[in-house]
1. Before we move on, is Ala224 within 19 Å of the chain's Cα centre (by Cα), farther than 24 Å from Ala89 by Cβ, assigned to a loop (DSSP other than H, G, I, E, B) and at pLDDT below 85?
2. Residues of the stretch 143-152 being more than 13 Å from Val190 (Cβ to Cβ) and surrounded by 23 or more Cβ atoms within 10 Å (Cβ to Cβ), which ones?
3. Could you identify the single residue in Val43, Val18 that is farther than 19 Å from Tyr149 by Cβ and buried (at least 24 other Cβ atoms within 10 Å of the Cβ)?
4. Hey, among Gly212, Gly244, Gly170, which residue is modelled with pLDDT of 75 or more and assigned to a helix (DSSP H, G or I)?
Amino acid sequence: MEITDAIILVIAGVAAGVINTFAGSGSLITLPLLMFMGLPPAVANGTNRIGVVVQNLVATRNFIHQKELTPRKEWSLIVPTLFGSLVGALIAVEINEDVLNYFIGGLLVVMFFIILLKPTSWIKGKAAEVKTTKSRIINIIIFFFIGLYGGFIQAGVGLFLLAALVLSAGYNLIRANAVKVLMVLSFTIVALIVFISAGQVVWSYGLILAAGNAIGAWFASKNASKIGAQNIRYILLAVVLISGLKVLGVF
């Protein structure tokens, strides 16, 4: 790895750490970057999880310190995502790499339009309407499948978690964002173990990326109320669209 690659990884990690702490989708930057640097899709998918674990560990610690998060109160929702993540990661390590490559490319394009529709604003608008939580069984099913998606591909899972925590579990956006960070930390550890066992992690790339992720997560979780998310959204839109078209071989 050249020094320029390391610098790019750190910068991308910082950006992803900030974006993931705010809402989600930071992996839409780091996952295609790892692929562009020559890692096979499955290995990039596994390696990316190192930074995700580190950034959410940092953000979770800060949210607990700021008294915005009490982990022991959230396990009823976390546990289903753990089982889902295990299943998703087991699928990911076995899937054909060409299929995974096209899946990632297609996902990037789809996520471009999801982000374009400003899902966090829509969720915020709906939050005031949610008065009661849905049944426990429905929540278990919803969070199992979100965990499955997170274990399989990770990218964009934060947006789905925010929506489920607000619209299904009945959390306000502030609490939902803090709980989302804890949930992603928990189920990504499970997924990372599966990828490590399958030999689909390159530690040199992952640890350098994780250093950037940690810086971004620390900064965002400390200054969440001061940073404007609008400009970050525009940058993310451009990166996601270009990356998706590149992965699909459009140019």
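1. yes
2. Across the stretch 143-152, the qualifying residues are Phe143, Ile146.
3. Val18 is the lone residue from the list that is farther than 19 Å from Tyr149 by Cβ and buried (at least 24 other Cβ atoms within 10 Å of the Cβ).
4. When all the criteria are applied, what remains is Gly212.
The values are calculated or read from the model by the stated rules, or taken from the named source; none is laboratory data. Note that the coordinates shown come from a computational prediction; the quantities given were computed from them, not determined experimentally. Positions of Cβ are generated from backbone atoms using ideal geometry, with glycine treated the same way; all protein chains shown enter the neighbour counts.
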